[in-house]
Amino acid sequence: MTTEGPAMPRTTGIRRAATGLGLAAALAGGAGCAPVAAGDAAAPAGVAQAGAATAADPPTRGPGGASVDPTDPGRPRTGPRRPVRGEAYPYDLYTHCGIAFARFGGRTWLASSRRSEPATRPDNAGLSTYTGYTAGTMTLVDPRTARFVIDLRRVAAGVHPVVTFRPTSRRAPVCQ
C-alpha cells in the first residue's frame, strides 16, 4: 500500500480518485443524488457546485449504453441549466450512496426506482478507479421525464443502462 499527499489518491488495489469528491460533494449529494449545478439557487451556502457540461466531445450511443469520456471528479458534468428536449448531454451521476436523485436542468429529479451504485469496471491492470460518480448521458425526454443512460464501458457487467427520473420537490437527503 502506498500513500501520497492529500491531492493524490491512495492506491491499494482500488485506485480512489478523491480529488474534488470530498465532504462538500457528499453533503451536496446525498443518497444517490448529484451535487448541485452551478448557479442553482437551491445550493446550500458554502457547498461546492459542480461544473457545467462541455460540448467538446458530444456523446455517442454504444450497444446498450452511452459512450462518454471518463468522469473527472473535480469537474463532474451536470448538463446545461436549460436542456434541449431530446438532446443527450454528457452527465456524471453522483451514485456514491446509490441511484436515487439527480440535479439536471436546474431541477431535482427522483429515480423511478432506486438502485444500488454500479460497481466500476477494472482497467487492463486490474485496478478500478472509484470517483463516486457514474458516467453516462442525461436527456430531457419531456418536461416530466429525464433519462440517464450509463456508459457500460465504465461499470461492471450486469447493470441495466437506463434510469428514468421524474421531477420532485423533495430535497435529496444527506448520504448516510
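Within segment 57-97, considering only strands (runs of 3 or more DSSP E) that don't extend past its boundaries, which have at least 2 residues that are modelled with pLDDT of 95 or more and charged (D, E, K, R)? Before the answer, list the steps.
Details: elements: 60-62, 65-67, 88-94.
Where strands (runs of 3 or more DSSP E) fall fully within segment 57-97, none carries at least 2 residues being modelled with pLDDT of 95 or more and charged (D, E, K, R).
For segment 98-121, enumerate the residues that are in a loop (DSSP other than H, G, I, E, B) and closer than 21 Å to Pro143 by Cβ.
The initial filter retains those residues of segment 98-121 that are in a loop (DSSP other than H, G, I, E, B), namely 98, 105-106, 116-119, 121.
Gly105, Gly106 - these are the residues of segment 98-121 that are in a loop (DSSP other than H, G, I, E, B) and closer than 21 Å to Pro143 by Cβ.
Scan segment 80-97 residue by residue and report those that are touching a Cys at 6+ places or on another chain (Cβ under 9 Å) and surrounded by fewer than 24 Cβ atoms within 10 Å (Cβ to Cβ).
Result: His96, Cys97.
For Val68, all conditions in the list (1) of a type in the set (Val, Ile, Thr); (2) in contact (Cβ under 8 Å) with a residue 60 or more places away in the chain; (3) within 20 Å of Thr145 (Cβ to Cβ); (4) buried (at least 23 other Cβ atoms within 10 Å of the Cβ) hold save one; what is the number of the exception?
With (1) of a type in the set (Val, Ile, Thr); (2) in contact (Cβ under 8 Å) with a residue 60 or more places away in the chain; (3) within 20 Å of Thr145 (Cβ to Cβ); (4) buried (at least 23 other Cβ atoms within 10 Å of the Cβ) applied to Val68, the lone miss is (3).
Out of (1) of a type in the set (S, T, N, Q); (2) part of a strand (DSSP E or B); (3) within 21 Å of Asp69 (Cα to Cα), what's the single condition that is false for Asn124?
So Asn124 meets the others, but not (2).
Can you tell me which residues in segment 144-174 are assigned to a loop (DSSP other than H, G, I, E, B), modelled with pLDDT of 90 or more, charged (D, E, K, R) and more than 20 Å from Thr129 (Cβ to Cβ)?
Arg144, Arg170
May I ask you to say which residue of Thr134, Thr145 is of a type outside the set (D, E, K, R), surrounded by 13 or more Cβ atoms within 10 Å (Cβ to Cβ) and either within 20 Å of Asp72 (Cβ to Cβ) or in contact with a strand residue (DSSP E or B) (Cβ under 6 Å, 6 or more places away or on another chain) (or both)? Can you show your working first?
On the way: Thr145 fails: either within 20 Å of Asp72 (Cβ to Cβ) or in contact with a strand residue (DSSP E or B) (Cβ under 6 Å, 6 or more places away or on another chain) (or both).
It is Thr134.
What are the pairs with Cβ atoms under 6 angstrom where one residue, in segment 155-170, is under 11 Å from Trp109 (Cβ atoms) and the other, located anywhere, is surrounded by 15 or more Cβ atoms within 10 Å (Cβ to Cβ) and of a type outside the set (A, V, I, L, M, F, W, C)? Sequence gap at least six, or different chains.
That search, which allows pairs on different chains as well, returns Thr164/Arg147; Pro167/Arg107; Thr168/Thr108.
The values are calculated or read from the model by the stated rules, or taken from the named source; none is laboratory data. Keep in mind it's a predicted model, so treat the numbers as computed, not measured. Cβ atoms come from the backbone with ideal geometry, glycine included; neighbour counts cover every protein chain shown.
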